[in-house]
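A.B. asks: Take a look at the following structure, please.
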Amino acid sequence: MLILDGKIASAAVKATLLAQTQALTTEGKRAPHLAAILVGNNGASETYVASKVKNCEETGFESTLIRLDVAVSEKILLDKIIELNNNPSIDGILVQLPLPKHIDEAKVIETINPAKDVDGFHPANVGRLVQGLPTFIPATPYGILLMLAHFDIPTKGKNAVVIGRSNIVGRPMSILLSSNIPQGNCTVTLCHSHTKNLKEICLEADIIIAALGVPNFLTCDMIKPGAVIVDVGITRVEDATAKKGFRIKGDVNYEEACAKASAITPVPGGVGLMTIAGLLKNTMKAFEASQNK
Ligand code: NAD
């Protein structure tokens, strides 16, 4: 059984990006620049943003972290985004989700200039993705495509099941896997909380993308022998024996799945690392487009 190791696949993507950045600076050009906005101090969001900033450093990118108080008004946040939209030295903008309840997430996403929307959440970019036009692919589905490419996982003609229909993972993933692209051309079934006979559907799958946020949901009785399992789930499960008081759990029962799968992503160390690789690639793409204007 092959472990789809995110450390290995993301290191390969980052090495290419670092070489590109070094070539830019050798030519006297500036490096790509990502701006991240973090509202409040949600523990998981803090960890994700810190990791994105660290990965920018590792690839030679510039990064700016903007911290706003949890009680910040929607107007101040939108103004901050507009300021970043108008700043020519910023290539990519990400607003770490989720946002506090008093802020309209859709409005925030729509305020980001689509040309700097490196998370790929703006409706203009989602529309382009649906139509197969060049766009920013949302970072997690993009990371999964990069992972499948790195490990040469064949997808053409395969049955793929995506569990979860969120705008950031499940839905774009289902569209990409069904698209006519190198890691696509699957026959895709998109499942969600109202899906009936999920177990039977999963048993038909050559590839399963589990993105529902329910720890250990996918068990061995749902997996066809030889299936490829991609575990997107990240849930903090309380555990007094763990140093931090919690452990990170995926949506797949890893031990059980290992007995059936031909390939599987671990959690942690799988899709999470690839998400950052996808984000960095999008930031480089935004930078390149801005230089060619
Ligand atoms: P979400 O939390 O917005 O939605 C969950 C989806 O799962 C919904 O579409 C729902 O219909 C479906 N669902 C819930 N229970 C189900 C069930 N019993 N059967 C079938 N479908 C069910 O989704 P999200 O934001 O995509 O997050 C999903 C998981 O992925 C979370 O654990 C999140 O932390 C994780 N995540 C990881 C990364 C990463 O980089 N690894 C990135 C984003 C999200």
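Read-outs: derived from the displayed coordinates by stated rules, not from any lab. Keep in mind that this is a model prediction, so the values were computed, not measured. With ideal geometry, Cβ positions are generated from the backbone for all residues, glycine too; neighbour counts draw on all protein chains shown.
A.B. asks: Take the Cβ-Cβ distance between Lys244 and His192 as r, set R0 to 30 Å, and report the resulting FRET efficiency rounded to the nearest 0.05.
C.D. replies: The value I calculate is 0.45.
A.B. asks: Quick one: 3J(HN,Hα) in Hz for the stretch 200-208, Karplus 6.51/-1.76/1.60 with θ = phi - 60°, rounded, Gly and Pro as x.
C.D. replies: Whole-Hz 3J(HN,Hα) from phi for the stretch 200-208: 5, 5, 5, 5, 8, 8, 7, 9, 10.
A.B. asks: Taking a cut-off of 20 Å between Cα atoms, list the lysines near Lys156, but don't count ones fewer than 8 places away on the same chain.
C.D. replies: Lys224
A.B. asks: Between rounded, prolate and oblate, where does the stretch 28-114 land on the alpha carbon gyration tensor, with a ≥ b ≥ c its root eigenvalues, rounded for a/c under 1.5, else prolate if a/b exceeds b/c?
C.D. replies: Oblate, since a/c reaches 1.5 and b/c is not below a/b.
A.B. asks: Would you mind checking the tilt of helix 43-58 against the longest principal axis of the Cα atoms of the chain, expressed as 0 to 90 degrees and rounded to 10?
C.D. replies: Approximately 70 degrees, to the nearest 10.
A.B. asks: On a straight-distance basis, which lysines could pair with Lys107 in a cross-link, Cα separation under 23 angstrom, same-chain partners fewer than 8 positions away excluded?
C.D. replies: Lys75, Lys80, Lys116
A.B. asks: The stretch 208-272: which trypsin sites (Lys or Arg not before Pro) are DSSP loop and have at most 11 other beta-carbon atoms within 10 angstrom?
C.D. replies: Passing both the DSSP loop test and the Cβ count: Lys243, Lys244.
A.B. asks: Here's a follow-up. Hey, can you grab everything whose amide H is under 5 Å from the amide H of Ala227? Only 5+ residues off in sequence or another chain; H modelled, so Pro and N-termini drop out.
C.D. replies: It is Ser262, by chain and number.
A.B. asks: Would you kindly derive the ³J(HN,Hα) couplings of the stretch 278-289 from the backbone phi angles with the Karplus curve 6.51 cos²θ - 1.76 cosθ + 1.60 (θ = phi - 60°), listing them in order in whole Hz, with x for Gly and Pro?
C.D. replies: x, 4, 5, 5, 5, 5, 4, 5, 5, 4, 4, 5
A.B. asks: Ranked highest first by average number of other Cβ atoms within 10 Å, how do 100-110, 140-150, 50-60 line up?
C.D. replies: 140-150, 50-60, 100-110
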